[in-house]
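> Mind looking over this structure? Questions follow.
The values are calculated or read from the model by the stated rules, or taken from the named source; none is laboratory data. Fair warning: this is a prediction, and the values are worked out from it, not measured in the lab. Glycine also receives a Cβ, built like all others from the backbone with ideal geometry; neighbour counts cover every protein chain displayed. Surface areas here come from the heavy atoms of the whole protein model, side chains and all, with no ligands, DNA or RNA. Shrake-Rupley method; radii C 1.70, N 1.55, O 1.52, S 1.80 Å.
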Amino acid sequence: MKAIARTDAPVAIEGDGVELRVQPIGGGMRAGFVRLPKGADLRPAVVGLPDDPGHAPEALEDSEYVDFSPTDEFNHVLDHIRSQG
């Protein structure tokens with residue numbers, strides 16, 4: 001597995017203190033570098049997806065984390081979120 005820096009991944013979603021950078025890592029997977037400000041609630045952005053809203057984060061504090069997900073499934077989620085704005 002290769003190393004990927006957050007700053008090398010392109011921005012997929014940005015606004016209101018939320019930043020999501022996404023980088024394919026091979027094998028049909030991608031890494032998502034997520035920054036959320038305290039109080040961010042992503043549940044409304046995923047309403048309408050299967051298992052609505054499934055597992056969407058709510059930031060109780062300023063947060064950063066890395067998410068690993070299958071690329072195709074996550075692209076579907078990204079397309080849905082982008083269509084909301």
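> Hey, could you check region 28-46 for residues that are of a type in the set (D, E, K, R) and touching a helix residue (DSSP H, G or I) at 6+ places or on another chain (Cβ under 9 Å) and say which is surrounded by the most Cβ atoms within 10 Å (Cβ to Cβ)?
Among residues in region 28-46 that are of a type in the set (D, E, K, R) and touching a helix residue (DSSP H, G or I) at 6+ places or on another chain (Cβ under 9 Å), the one surrounded by the most Cβ atoms within 10 Å (Cβ to Cβ) is R30.
> Right, next: Among all residue pairs at least 6 apart or on different chains, which show Cβ distances below 9 Å where the first residue, located in region 24-35, is within 19 Å of E64 (Cα to Cα) and the second is hydroxyl-bearing (S, T, Y) and exposed (fewer than 12 other Cβ atoms within 10 Å of the Cβ)?
The qualifying pairs are G32/Y65; F33/T7; F33/Y65; V34/Y65; R35/Y65.
> Which numbered condition in (1) at pLDDT 95 or above; (2) in contact with an Asp or Glu (Cβ under 6 Å, 6 or more places away or on another chain) is the only one that E64 fails?
(2)
> Which members of region 1-27 meet the condition of being among the β-branched types (V, I, T) and either farther than 19 Å from H80 by Cβ or open to solvent by 80 Å² or more (accessible area, probe 1.4 Å) (or both)?
I4, T7, I25
> Among the residues of region 31-51, what is the count of those that are part of a loop (DSSP other than H, G, I, E, B), within 14 Å of the chain's Cα centre (by Cα) and at pLDDT 90 or above?
Number satisfying all stated conditions: 2.
> Can you confirm whether L49 is open to solvent by less than 60 Å² (accessible area, probe 1.4 Å), in contact with a helix residue (DSSP H, G or I) (Cβ under 6 Å, 6 or more places away or on another chain) and among the aliphatic types (A, V, I, L, M)? I'd like the intermediate steps shown before the answer.
Values: open to solvent by less than 60 Å² (accessible area, probe 1.4 Å): yes; in contact with a helix residue (DSSP H, G or I) (Cβ under 6 Å, 6 or more places away or on another chain): yes; among the aliphatic types (A, V, I, L, M): yes.
Yes; evaluated as a whole, the condition is true for this residue.
> Same structure, new question: Of all residues in region 52-85 being in a loop (DSSP other than H, G, I, E, B) and not small (G, A, S), which is most open to solvent (accessible area, probe 1.4 Å)?
H55
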